[in-house]
Amino acid sequence: MELTGKQKRAIDNAKFVQSRYQSELLNKKNVNSVGIGYIRKGGKMTKDIGLIVTVEAKKPMNALAVEDQLPSEIEGVRLDVHEVGKLEKHAESDDPVVADLQKRVRPLQPGYSVGNAAITAGTIGFFAIRDGRVGVVSNAHVMCQDPSKDVSQQTENRILQPGAYDGGTLTNDKIGVLKSEVLIQPGKTNYVDAAWADLDNQANYDPTIPGVGKPSGMDETPGQLGEVITKVGRTTGKTTGTITQVNVTANVSYGSFTATFSELVMTGGAMSAGGDSGSLGVVDGKAKYHLFAGSSSTTLFYHVIKAVNAMRLTPLWGDTPAPTTDVKVDWQLEPTTPGPDTQTYRVYGTVTSGAGNPINGASLGIAELTVATDETGNYEFNGIAAGTYNMTCQKTGYISQNKDVQVGVGQSAPLDESIMGKLKRMI
């Protein structure tokens, strides 16, 4: 839905007022979010834009203390109150309805059940590369035993598919290990609920979302009122929802604590339920949002780019490179100036595929220096001092490798050493 100039100005005014009064509004009893959306009149949505305050349950004005009563407008901006129930994480479900998405699936796919071995179950969102490894992404409260604690403090870090609630066991269904999360911090403003787990089997995944297909990429544009989001989740399957609020700040219950999240979008209607947490939100064929919370009548998303940036991920969408053979990395060391008093060395070699084809653009690093291979797969470092280094080789779409390399250490004559490594193609 294209906004008019008047509506765009109304959103700007509402954002200004929201920035000034949001904390005060959220501190009122029963209020659980403040956002910007269309004002309702007589139960129907109008074209007028204002501040939207959601509450667990509407109460008569005389049943509220004066300090908890909400005004009808603030500085000329209309304020509308919507009853949505309690906003909470969507990782549990007591009423499974989409049996297929709760089953074991190999290769792994988005939309299916997943979870930390110590919790119930959520949903696989997408797959991504981190530090040269392929992993699975969902919410932190799905992948962590306690999302308010760092990875190193988790007492359980093994990930199951399906999740334990859906019958997953450590003996048969372990798929990976938690390696990265965006910590959820009570008492502070949060923007992301996400975690990444390294896959045990680096080739055992398929980015195709059941009923949706492979995202064609990632949409980083701001959320828009009226935008339609499609998601596939472990509990409610494939559903769509329309954004009714943008720039939402909400207090979300995690059971043992409550955390505040900002810069969210909210959809109306019963789009999700417990167990759908982690679902990827797709708009016009592109990945855009990550579902993490909601109520019986609303769903909360944040922009998935925030999780990608926070955890330094390279998402694997529909343009994922196709599988190929292993890659051979030929590392060779040679003194820059041969002789018994050599102080620096030339490090060179080639990067080729298992079939012998050169790999162009592979990045190699040693001693804080980096070079890239040329069209023939060749690379060269000069002036490397004697010492022991961790040498790396990586290329987008491949699993990185590293190896400790001794350059001239203990050598009284020219060093002639061949070091072999392999990069495996990402799938």
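The values are calculated or read from the model by the stated rules, or taken from the named source; none is laboratory data. Keep in mind the model is a prediction, meaning the values are calculated, not measured. Backbone-built Cβ (ideal geometry, glycine too); neighbour counts: all protein chains shown.
Counting only strands (runs of 3 or more DSSP E) that sit wholly inside the stretch 366-414, those with at least 2 residues that are modelled with pLDDT of 75 or more and of a type in the set (G, A, S) are 378-385. Among residues of the stretch 1-28 being under 20 Å from S262 (Cβ atoms) and out of contact with any strand residue (DSSP E or B) (no Cβ under 7 Å at 6 or more places or on another chain), the one that is surrounded by the most Cβ atoms within 10 Å (Cβ to Cβ) is K28.
Only residues that are crowded, with 16+ Cβ neighbours inside 10 Å and at positive phi: list them for the stretch 127-152, please. Quick ask: steps written out before the conclusion?
Filtering the stretch 127-152 down to residues crowded, with 16+ Cβ neighbours inside 10 Å leaves 127-130, 132-148, 151.
Result: G132, single match.
Close contacts from the stretch 361-384, counting a first residue that is assigned by TED's automatic domain parsing to the domain that holds K395 and closer than 16 Å to V407 by Cα and a second that is of a type in the set (V, I, T) and at pLDDT 85 or above, with Cβ to Cβ under 7 Å and a gap of 6+ residues or different chains, come to L364/T370; L364/V371; E380/V371; F381/I366; F381/V371; I384/I366.
The residue list I74, I36 contains one member that is outside the structural domain of K174 (by TED's automatic domain parsing), at pLDDT 95 or above and surrounded by fewer than 20 Cβ atoms within 10 Å (Cβ to Cβ), which is I74. Against the numbered list (1) surrounded by 16 or more Cβ atoms within 10 Å (Cβ to Cβ); (2) part of a loop (DSSP other than H, G, I, E, B), K179 comes up short only at (2).
Do we find that K188 is exposed (fewer than 15 other Cβ atoms within 10 Å of the Cβ) and among the basic types (K, R) in this structure? Criteria met by K188.
Of all the numbered requirements in (1) at negative phi; (2) more than 20 Å from the chain's Cα centre (by Cα), K214 misses one, and that requirement is (2). Which of the residues that make up the stretch 165-176 are surrounded by fewer than 19 Cβ atoms within 10 Å (Cβ to Cβ) and in a strand (DSSP E or B)? Passing the criteria: only K174. The residue pairs whose first member lies in the stretch 90-113 and is at positive phi and crowded, with 20+ Cβ neighbours inside 10 Å, whose second member is assigned to a loop (DSSP other than H, G, I, E, B) and modelled with pLDDT of 60 or more, and whose beta carbons are closer than 9 Å, counting only pairs six or more residues apart or on different chains, are G111/I124; G111/G125; G111/P210; G111/G211; G111/V212; G111/R234; G111/S279.
Kindly check whether there is at least one residue in the stretch 306-321 that is buried (at least 16 other Cβ atoms within 10 Å of the Cβ), assigned by TED's automatic domain parsing to the domain that holds G163, of a type in the set (V, I, T) and modelled with pLDDT of 95 or more. No, every residue in the stretch 306-321 fails to be buried (at least 16 other Cβ atoms within 10 Å of the Cβ), assigned by TED's automatic domain parsing to the domain that holds G163, of a type in the set (V, I, T) and modelled with pLDDT of 95 or more. Among the criteria (1) among the β-branched types (V, I, T); (2) buried (at least 23 other Cβ atoms within 10 Å of the Cβ); (3) touching an Asp or Glu at 6+ places or on another chain (Cβ under 7 Å); (4) not in a loop (DSSP other than H, G, I, E, B), the one V282 does not fulfil is (3).
Being surrounded by 19 or more Cβ atoms within 10 Å (Cβ to Cβ), more than 30 Å from V114 (Cα to Cα) and at pLDDT below 95 holds for only one residue in V31, V81, V66, and it is V31.
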